[in-house]
Amino acid sequence: MHTKSELKNEFGNPDEEVYVFPTTYPQKQLWFLNQMSPDSPAYNIPFAYDIIGILDTDALRDAINEIIRRHETFRTTFSDNETGPVQLVSKLLKIDIPVIDMSGKDEAAIKEYIHTNSIRPFQLESGPLIRAELIKQDEKYFILFLNFHHIILDHISIVQFAEELEKLYGAYKENKSTPLVEPELQYADYTVWQECWQSHEKLEPKLSFWNELLTDRSDYLDISTDFKRPSIQKMNGREYNLWFPASLLDKLKKLSRSESVSMFIALLAGFSIILSRYTSQNEISVGTPFANRGIQPELEKVMGCFINTVPIFMDLEGDPSFRDVLARVRKVVFGANAHQEVPFEMIVESIKPKRETSYNPLFQVGFTFQEPPMEIFLSDCKVKSQRLHNDAAKFDILAWLWESEDGIRGLLEYSTDLFEYETIERFASHYQVLLESAVEQPDAPISQLRAISKKERDLMIDLWNDTTRDFKDSTGIHGCFEEQVRNFESKSAVECEGVSLSYLELNNRSNQLANYLIELGVNSGDFIAVSLKRSADMLVAILGILKSGACYIPLDPEYPDERLFYMLDDSGSKYLLLQDHLLEQYAKYTGKKISIDGDWNKIKEQDITSPCVKIKASDLAYIIYTSGSTGKPKGVMVPHHAAVNFLKSMAVEPGLTEQDKLLAVTTLSFDIAVLELYLPLTVGGTVVIATAEEASDGDDLAELITENNITVMQATPATWRLLFSSRWKGNSSLKALCGGEAMPSDLVGDLLVHVGELWNMYGPTETTVWSTCYKVTDPDAPILIGKPINNTKIYILDKHLKPVPMGVPGEMFIGGDGVTSGYLNMDELTTERFIPNPFDSDNRIYRTGDIVRHKADGNIEYQRRVDNQVKVRGFRIELGEIETVLLKQSNISQAVVVVREDTPGDPRLVAYYIPDADSSITATEMRKSLRQELPDYMIPQHMVEMEEFPLTPNGKVDKKAFPSPFISSTVDNEIVVPRDFAEKKLAAIWNEYLGFGIENISIYDNFFDRGGHSLLSMQVIAKIRELTGTKLNPRVMILSTLEHIAPQCGFIETQTEKTEKSRGFFSMLSSLFTKK
Amino acid sequence: MNPMFFGQSVSPLFGVYHPPIGGSFLNKAVLVCSPIAQEHNRSYKPIRNFAKLLSNKGYHVLRFDFSGVGDSFGDLRELKFTDWLEDVSLAYNELVDISGVKKVSVFGVRLGGTLAVLSDKYESMEKVVLWEPIQKGGDYVVEMKNMHQQMLVDEMRFNAPRDAADSYENEMLGHIYNKELINELSSVQLDITAMHKKDMELHSNSENLPVSTKKSKNKSTVYLRYEDDAWTDVKRIGDMLLTSAALTNIADEF
């Protein structure tokens, strides 16, 4: 190890006041972070102590300044040069420790004063990086305030500071000389030693350990946040005080002893399990600080920043027991401990994780189990520490725990940019419950351990699902309509293209149709397919079918014939209700065809009185076919009771009355049409049916809304956007229902301005149209899907069907009256998706495949899907169905279909395919083939041929890496060489540090994307500063490209440089004329 | 934008799809039927700019080369007139598929416009705008042949006049056709006034291009000859036709 005298020879004159030393890796990193956010207090370490008694303020001041004299770290500031940041150690430094008289000030004012000082940023270049004040309240009551910057010391140093302060104060108070021996080593000694020792040859074996452990591992902990993660970390934070009772501590100690692990490992194991519950990830990476002084025992008493926080990587695969987890954690901690000398920054440089500005690399949460912040003892005084916080968070969550007399105390420091206080409060509660469960059942699989209290469970499972409402019994959907006929005989029930039918007319016609069907042989429970152009007749048809006791199956005539006939075949429909113009399309159908217009002359001969067919609530009302992942659509069987419950619930909330007129725009084949067509008829309102052409034209829709005084409209986001693209100015009396797919946040603002009320609707076909709804009022708040509708239950469960903790994402299961009867002719799939309710064995619940979470008020927030199902323009699509059909083509060997949203709000289906060798096929031909089996909305708009698919490190297709089907006007992967003086100059500097040839640097390059890292970027910034005096913020290097950075650097072409350039030009020009 | 081949894999057409900038919320699409042969060269860039202009306004746009023209497969020496009519249908369907818009509008330039009207997709088109369509095929062929002859003797083009015998049989302005195709072209007759689209609006020979004051989805527009002999003036054979002002006006038609 170099000594200080050797250093003086190497770096400067021993008589100079300031010595210059290199920085250590942790210091380089802290310097970099400080350059990014110079005003951030994130690395302030503040302390405050209430001192009661006779305090010798001079002795205290002298003691503190003596510590500063003894340890160079306190006399250190920082600067940078071409090699990067450096330490500047002053030979002498004495800080002023003022006495601030706050006698008579109230506690709040003092607290505020201390807090303001706690978060006052340090200037690393000018220092000092230690501050001290004495706040006087009275002669016998002072508050000692201390603040340090982390770059000059760590936790062990702080403890040592406290020890030295106690001894020095004690001596000076007695007018004695210092009892302490002069330190043999200083931090600068360590710095130089580290540089030699950490040359790569010596560190290589230790670095290999980390490389092997961390390469190709995901380093992102996908924990759900309350707020959207900022694109650049802001590091605002707060602390939550945590306490686990002594009884839990005792049990944990007992278990730890029996497993020969420390409390640190036991608590870390519990922490990793609760994180796994929160993220559904089995690989958890947690940052843990190591003292990093073990390599040289003589460093124990050196003050400075030695700490090294490294990732502890825990694998919870295989659902181990808690006992097993303890063993696993012990192993990884021992491994990390044995390799703690490798600086974190070096690990990052070696692994090269994807650099994001929104979260830390390698780990986003931290854990430490160590003694509380320093307590100091001053003779003849009673000293009590105050807990201070610097309003910052270095991680998403940092758990700092320690053992105390009354149990386990601790702090959860958390990012307030991501989490609300209540979320962290719940996290702490879940952590505690999990530990309690673990010590009770250390041998049970960790999936069986509880993480929620009984109170929380009761709230989520019972209280929030208390949606019972006794709706008056109606005999089916048609019964609900018939109830209104008596009251609204002459009122318009349905209107379409100038045709209007009153309630009485609609009732009479549908009765006639029902009687006709019965005469033809239709029995209760029969299936009747219905394929009609949108018109008032559509309602006559459906109501007629329902009144006959049959179940209707809507077929959209726009679908390909193969699909239509599949549905006819699969359902075994013996009857098909259609219109004359469709007879040819269904010529191959062998069942009985009834043309509602062509046969009307016969139909109208029938009695207008209701056939009064008795139906049971469990009888089927309709079967809707939805996309199936195996390549064939599946028919969802919806019973009357489910549909009636839905309609009656919708009448209450969002609400509909006889005053309302609803514009129906959705195809009958999409189950949300059930609300549009029937809901008004169940309350005495009017339904206005838009034709298919009108429903796809924004101007037409706008006209319909205005001319018909529409008060309610339900549509998918795509249709609402279509309306906005027209001249529609909005309608403050319009109640807008939006559903079918996630409501885009940019649409919310538009809708709220244009309509009177906005509702977000959610629900799968399998639980009857909508199962939750939410009134949206704030365009800036998260868009929720709300609470369950009447007689509906929502359970958010993990993969073991246990309730997830509140706020944690889980799969949504829906129970209650809306649960349908399953899939037609697909018993196995029905059994798989409709499972026994674990909380109510008499009933079933439906597994939605949607990942959601509870908010604290019981509302539900949608997160994502578990599978390959997507929604495009409101249509539910199983991407696998498209892929299956694509692969049936003989000249395609592989195919993947994704939804791309290159323009927000404009999702497109894109098929990526690999053709067979020596075959060629156009998108046109592929679509033609697809069209034989798939409806239009499932035909990919773009087809991209590829030679091979990009793969993840695990060998799976990396869908995120697929190229855009479009070529942008600025071609990102083209090399555009630097064009002007500034760009060329900057490129040259980059080349110095990146070293792959200036001709390979493009103006579109980002420094980090081309292999740079934070420390190199600091050197580049220092170089630019040296040349031009301009100091760039490191963020610019992370976020911008060369062409955007160059103008900010302050490069100015000198006259000499211009002359040299023009000399070069003329030289070239003259050579043209002199060439022979 | 998305350059692509579409249609039949044995003889695909080349086209460029311009997605609507900002998303497909307008739900409108325009198919551009370009001219053929020499006129294709002279209008390529203006048509490209037109497509970008419409795309920036939120339209889906597909512009394509007819068979035997530009980058599309096919050889004028083998093609039939009906192949071009089929091309219009293929391109129309392709744009419907890509955009999801059921009724596509069409902008047809010169013979491209004529083909659009004569194709079996005409009745499906939402709106049609034609720029100087070929109304009498016979005149068109004669004009091309005359231009060809003039160019053979044009001293700005060749050091010495070329002999007519130097040309290929059935060559017109550097493109070699088959005889049947020339005959079919010669027999093309397009009676604008008899076109079945409602509210057909005609503009011709006006120095000031008309400004569309009312957008009607049913109105279609035909711009007849604007600059007399511009297409047939050999001296301007290198000029790009279709001015920015004209294109902007045409874009407004949609």
(request) Rounded to the nearest 100 Å², what's the accessible area chains A and B bury against each other, both chains counted, probe 1.4 Å? (result) 2000
(request) List every residue whose amide H lies under 5 Å from the amide H of A:GLY786, counting only residues 5 or more places away in sequence or on a different chain, with H placed 1.01 Å from N in the peptide plane. (result) A:ILE860
(request) Straight distance only, please: which lysines reach the Cα of A:LYS959 with their own Cα at less than 20 Å, same-chain residues fewer than 8 apart left out? (result) A:LYS354, A:LYS871
(message) Taking just the alpha carbons, could you work out the radius of gyration and Dmax for the protein assembly as shown, both in angstroms?
(response) 38.9, 123
(request) Measure nothing fancy, just the Cα-based angle from helix A:698-707's long axis to the longest principal axis of chain A, in degrees from 0 to 90, nearest 10. (result) 60
(message) Given the DSSP H assignment, sum -39500 (n - 2.57) over each helix run of at least 4 residues in chain A and divide by its residue total; what's the result at 222 nm in deg cm²/dmol, nearest 500?
(response) -10000 deg cm²/dmol
(request) Obtain the nm distance between the two label points defined at A:ALA444 and A:ASN337 by a simple spin-label model: each point lies 7 Å from its Cα along the Cα-to-C-beta direction. (result) 3.0
(request) May I ask you to compute the full-extension gain from A:ASP39 to A:ASN859, defined as 0.36 nm times their residue separation minus their alpha-carbon distance, rounded to one decimal in nm? (result) 291.4 nm
(request) Please tell me the relative contact order of the stretch A:797-901 in percent, rounded to the nearest whole number, where contacts are Cα pairs under 8 Å and at least six residues apart. (result) 20
(request) State, as an integer percentage, the relative contact order of the stretch A:4-193 based on alpha-carbon contacts under 8 Å between residues 6 or more apart. (result) 31
(request) Multiply the residue gap between A:SER177 and A:GLU584 by 0.36 nm, knock off their C-alpha separation, and tell me the result in nm, one decimal place. (result) 135.4 nm
(message) With angles folded into 0 to 90 degrees, how steeply does helix A:561-571 sit against the dominant principal axis of chain A? Use alpha carbons for both and round to 10.
(response) 80
(request) Mind checking the per residue accessible area of the stretch A:4-193 for me, 1.4 Å probe, whole number of Å²? (result) 42
(message) List the residues, sorted by chain then number, that are 5 or more residues from A:ILE794 or on another chain and whose placed amide H is less than 5 Å from its amide H.
(response) A:GLY815
(request) Give the residue from A:GLY410, A:GLN1048, A:PHE209 lying farthest towards the positive end of the charge dipole for chain A; charges sit on Cβ (+1 for Lys and Arg, -1 for Asp and Glu) and the dipole is referred to the Cα centre. (result) A:PHE209
(request) Count the lysine pairs in the stretch A:568-721 whose Cα atoms sit under 18 Å apart, keeping only pairs 8 or more residues apart in sequence or on different chains. (result) 8
(request) Specify which residue in the list A:LEU704, A:GLY544, A:PRO611 is farthest towards the positive end of the charge dipole of the stretch A:476-849, using unit charges on the beta carbon of Lys, Arg (+1) and Asp, Glu (-1), about the Cα centre. (result) A:PRO611
(request) Rounded to the nearest 10 degrees, what's the angle between the helix A:187-197 long axis and the longest principal axis of chain A, both from Cα atoms, 0 to 90? (result) 70
(message) I'd like the Karplus ³J(HN,Hα) series for the stretch A:162-170: coefficients 6.51, -1.76, 1.60, θ = phi - 60°, whole numbers in Hz, and an x wherever there's a Gly or Pro.
(response) 4, 5, 5, 4, 4, 5, 5, 4, x
(message) List the residues of the stretch A:934-948 for which accessible area in the full set of protein chains is at least 20 Å² lower than for the chain on its own; 1.4 Å probe, protein heavy atoms only.
(response) A:ASP936, A:GLN941, A:HIS942
(message) List, by residue number, every residue in the stretch A:877-924 with a reduction of 20 Å² or greater in accessible area between the chain on its own and the complete protein assembly, 1.4 Å probe.
(response) A:THR903, A:ASP906, A:ARG908, A:SER920, A:THR922, A:THR924
(request) For the stretch A:321-416, state which GluC sites (Glu not before Pro) are in a DSSP loop and have at most 16 other beta carbons lying within 10 Å of their beta carbon. (result) A:GLU356, A:GLU375, A:GLU405
(message) Given Cβ point charges of +1 (Lys, Arg) and -1 (Asp, Glu) and nothing else, what value in debye, to the nearest 20, does the dipole of chain A about its Cα centre take?
(response) 300
(message) Skipping prolines and chain starts, which residues have an amide H placed within reach, meaning under 5 Å, of the one on B:VAL61, given they are 5 or more residues away or on another chain?
(response) B:HIS18, B:VAL30
(message) Leaving out ligands, DNA and RNA, and with a 1.4 Å probe, what % of the accessible surface on chain A is carbon or sulfur?
(response) 49
(message) 7 Å from Cα along Cα→Cβ at both A:SER490 and A:ASP101: what's the point-to-point distance in nm?
(response) 9.3
(request) State to the nearest 20 debye the size of the charge dipole of the stretch A:869-961 about its Cα centre, where the only charges are +1 on K and R beta carbons and -1 on D and E beta carbons. (result) 400
(request) Between the chain alone and the structure with every protein chain in place, find the residues of the stretch A:708-741 that drop at least 10 Å² of accessible area; heavy atoms, 1.4 Å probe. (result) A:ARG721, A:LEU722, A:SER725
(request) May I ask you to compute the full-extension gain from A:ASP780 to A:GLU317, defined as 0.36 nm times their residue separation minus their alpha-carbon distance, rounded to one decimal in nm? (result) 162.8 nm
(request) May I ask you to list the lysines whose Cα is less than 16 Å away from that of B:LYS57, ignoring any residue fewer than eight positions away on the same chain? (result) B:LYS28, B:LYS215
(message) Explain nothing, just compute: Karplus ³J(HN,Hα) = 6.51 cos²θ - 1.76 cosθ + 1.60, θ = phi - 60°, for every residue of the stretch A:756-761 in order, whole Hz, x for Gly and Pro.
(response) x, 8, 10, 10, 9, 10
(request) Kindly work out what percent of the DSSP beta bridges joining two residues of chain A are antiparallel, to the nearest 5. (result) 70
(request) Run down the aspartates and glutamates and flag those whose C-alpha is under 14 Å from the C-alpha of A:LYS454, throwing out any fewer than 8 positions away in its chain. (result) A:GLU436, A:ASP462
(message) Taking 8 Å as the Cα distance limit and 6 or more residues as the minimum spacing, I'd like the relative contact order of the stretch A:872-953 as a percentage.
(response) 31
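The values are calculated or read from the model by the stated rules, or taken from the named source; none is laboratory data. Everything quoted here is computed from the prediction, not taken from an experiment. Cβ sites come from the backbone with ideal geometry, for glycine too, and all protein chains shown count toward neighbours. Only protein heavy atoms, including side chains, enter the accessible area calculation; ligands, DNA and RNA are left aside. Shrake-Rupley method; radii C 1.70, N 1.55, O 1.52, S 1.80 Å.
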